[in-house]
Amino acid sequence: MTEDSQRNFRSVYYEKVGFRGVEEKKSLEILLKDDRLDIEKLCTFSQRFPLPSMYRALVWKVLLGILPPHHESHAKVMMYRKEQYSDVLHALKVIRFVSDATPQVEVYLRMYQLESGKLPRNSSFPLEPEDEAFLAIAKAMEEMVEDSVDCYWIIRCFVNQLNTKYRDSLPQLPKAFEQYLNLEDSRLLTHLKMCSAVSKLPYDLWFKRCFAGCLPESSLQRVWDKVVSGSCKILVFVAVEILLTFKIKVMALNNTEKITKFLENIPQDSSDAIVSKAIDLWHKHCGTPVHSS
């Protein structure tokens, strides 16, 4: 029996006895032992499989450029990241923009604004839509990442990735959503068009906030594995799968406002199945894209 066939046999066996992902976890551990982490291979792994929760923060930090590929530099680089975090936080306290009573997600926002030169003149200024999106992402990330320094840096680089790498792709996602929904269920799309709902769907929640506040964090992190590792197009297929999953409910609604309100507050108990089916749909239409938008 060849090495590949042995591996495939073991994968099938593990899955049958309820240990799905054991082989994948071993593969990732081998990748993480390299003296110089292979970014391409880590991206490919993240695109193909969900990351084990114990390694997710580390892999995200490497893929987002928070940590360099070389293991020996990790401790020193994180020391610098921690110092920068402390310096920015101290500056905000000195100018009395935040205090010990400020909610942590708001602290992250003010730190990000200060570092990007977008801090308003005072804290009473109304938030911009991009600030609201940041807060939604930060609130979700806070549930996934325990350490506050790690959490801030991951939020910061995740949002920067959306604003730079995916800047041109994100505005195209509503059109792609319509295209793939038509392929999967043209009747459902026709119903949305008849209700004049297509342009009113919660695209900001889906695409600008990457489903933060829509899906529970346990499901959301599997979607964000794909976003972090190179594909924002996964977001389209999550949106499509939400429509397919709740087709009967949506078809029964004939009012744009009711459809939008329902889609903004979908039942949470279906989220794991939705994400799993969305990933299958993504692979079906796109293969296993790496670094694709």
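The values are calculated or read from the model by the stated rules, or taken from the named source; none is laboratory data. Keep in mind that what you see is a predicted model, and the values were worked out from it rather than measured. Glycine also receives a Cβ, built like all others from the backbone with ideal geometry; neighbour counts cover every protein chain displayed. To get the accessible areas, we keep the full protein, side chains included, count just its heavy atoms, and leave off ligands, DNA and RNA. Shrake-Rupley method; radii C 1.70, N 1.55, O 1.52, S 1.80 Å.
Values as computed for the structure displayed
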item: Relative contact order (%) - criterion: Cα under 8 Å, at least six apart; region: the range 19-164; result: 22
item: Pairs beyond 27 Å (Cα-Cα), from K61/K175; K247/K284; K118/K261; K33/K82; result: K61/K175; K118/K261
item: Filtered trypsin sites (Lys or Arg not before Pro), the range 40-99: DSSP coil and at most 12 other beta carbons within 10 Å; result: R96
item: Top of Y166, Y80, Y180 by mean-square fluctuation, Gaussian network on the chain, Cα under 10 Å; result: Y80
item: Nearest-20 debye value, the chain charge dipole, Cβ charges on Lys, Arg, Asp, Glu; result: 520
item: Built amide H within the under 5 Å cut-off of C232, gap 5+; result: none
item: Net dipole in debye of the range 170-286 [+1 Lys, Arg Cβ; -1 Asp, Glu Cβ; about Cα centre; nearest 20]; result: 300
item: Which of L170, V223, I274, positive extreme of dipole for the range 170-286 (C-beta unit charges); result: L170
item: Protein accessible area in the range 19-164, 1.4 Å probe - carbon and sulfur %; result: 51
item: Label-to-label distance, nm, for residues given as K82 and H70 (7 Å Cα→Cβ offset); result: 2.1
item: Of I234, I66, I248, the one that fluctuates the most in a GNM where the chain has Cα springs shorter than 10 Å; result: I248
item: Candidates G65, G117, G230: whichever shows maximal mean-square fluctuation once the chain is modelled as a Gaussian network with Cα springs under 10 Å; result: G117
item: Electrostatic dipole magnitude of the range 19-164 [Cβ: Lys, Arg +1; Asp, Glu -1; Cα centre; debye, to 20]; result: 100
